[in-house]
Amino acid sequence: MPPANTLPQRFWANAYLLLILTTLMWAGNAVASRMAVGQISPMALTSLRWVFVCSILPLLLRRELTAYAPVLLAHRWRIIALGMFGFTAFNALMYIAGYSTSAINIGILQGSIPVFVLIGAFLAYRTRIGWMQALGVGVTLLGILVTASQGDIHILSHFTFVPGDLWMIIACVLYAGYTVGLRSRPAMPGLVFFTAVAMVACIVSLPLLALEVWTGNVIWPTAKGWLILAFVVLGPSLASQLFFMRAVELIGPGRAGLFVNLVPVFAPLLAVLILGEKLALYHGLALALVLGGIWIAEQRVKKA
């Protein structure tokens, strides 16, 4: 294979740059959830996001989707569940959370997903959890409690959490379930599978949008809302998926997966820079606990 000489070729061959941009876009989704308040309602943003994605990808991949249609139909219930919980529910709950919690909290809580995946893998597949991993789970869960309680023991004792934090925790649990479910996904190109799941997410989101319209809670995009929607479609929904899959091709899923831990680092930074949110001492403690717990959980006891 000839060396990559042009700038686009060098960019496409640089896994680390692709992964940094990917996690920046995923962190940007947390900021978008706060910016969307009053500009576009949660289900309008969720539904229109997948409507636009599904107006592009299925057209580009129509031959591949036709070729893999028998496999997709054979695994239709798994694909429906993954699209419903991993794409529609996760994003809808994140955008709902943006109405009552900060982008900093949303970003930090997203850092808990790898630990919830560990728990989910144990429940679904009885994947062994060693003592180091159990310790990491405990430390990360402590970080979640610090975030949700804002470092106030009185909030913990009275269970008076901010609704947005609770919605985001539920969203992370659902996305962890989606991640665990990917373990048994059918053999096919990643982009074909993503497109099929996105199509399910689009269909599932439409009745929820109709309910939002019927209850009078819909906010159709303002000028700023259209810009937020454009970012969500082009960034977290399309470019980041392509970048992440390319990075996995270059350095493998294990090494690429570690970069997901940058999301709870980038999200608070973007929230401060773009939204002007204030970092509190408990944010630093919670972030240290969440990332520290993930680091502990990812350690492997070396065999002699």
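Some observations on this one:
- Within the set 26, 12, the sole residue that is among the aromatic types (Phe, Trp, Tyr), under 29 Å from residue 213 (Cα atoms) and either in contact with a Ser or Thr (Cβ under 9 Å, 6 or more places away or on another chain) or surrounded by 13 or more Cβ atoms within 10 Å (Cβ to Cβ) (or both) turns out to be 26.
- Apart from one condition, residue 38 fits all of (1) more than 17 Å from the chain's Cα centre (by Cα); (2) surrounded by fewer than 21 Cβ atoms within 10 Å (Cβ to Cβ); (3) closer than 23 Å to residue 196 by Cα; the exception is (3).
- Set side by side, the residues 73, 61, 57 differ, and just one is open to solvent by 60 Å² or more (accessible area, probe 1.4 Å) and either at pLDDT below 95 or of a type in the set (Gly, Ala, Ser) (or both), which is 73.
- Count of the stretch 78-94 residues which are open to solvent by less than 30 Å² (accessible area, probe 1.4 Å) and more than 23 Å from residue 218 (Cα to Cα): 2
- All of 277, 298, 249 fail the test of being at pLDDT below 75 and among the acidic types (Asp, Glu), apart from 298.
- Matching residues, the stretch 205-232, being buried (at least 20 other Cβ atoms within 10 Å of the Cβ) and either among the small types (Gly, Ala, Ser) or at pLDDT below 95 (or both): 205, 225
- Close Cβ contacts (under 6 Å, 6 or more residues apart or on different chains) running from residues in the stretch 78-100 that are under 13 Å from residue 182 (Cβ atoms) to residues that are among the acidic types (Asp, Glu) are absent.
A quick yes/no check of all residues on (1) buried (at least 24 other Cβ atoms within 10 Å of the Cβ); (2) at pLDDT below 85:
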residue: 96; (1), (2): no, no
residue: 100; (1), (2): no, no
residue: 103; (1), (2): yes, no
residue: 111; (1), (2): yes, yes
residue: 115; (1), (2): yes, yes
residue: 118; (1), (2): no, yes
residue: 121; (1), (2): no, yes
residue: 127; (1), (2): no, yes
residue: 133; (1), (2): no, yes
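Table: residues versus (1) under 25 Å from residue 183 (Cβ atoms); (2) free of Cβ contacts under 8 Å to residues at least 24 places away in the same chain; (3) touching a His at 6+ places or on another chain (Cβ under 9 Å).
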site	(1), (2), (3)
48	no, no, no
56	no, no, no
69	yes, yes, no
74	yes, no, no
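The values are calculated or read from the model by the stated rules, or taken from the named source; none is laboratory data. Not measured: the values here are computed from a predicted model. Note that each Cβ is placed from the backbone with ideal geometry, even for glycine, and that neighbours are counted across all protein chains shown. Calculation scope for accessible area: heavy atoms of the full protein, side chains included, ligands and nucleic acids excluded. Shrake-Rupley method; radii C 1.70, N 1.55, O 1.52, S 1.80 Å.
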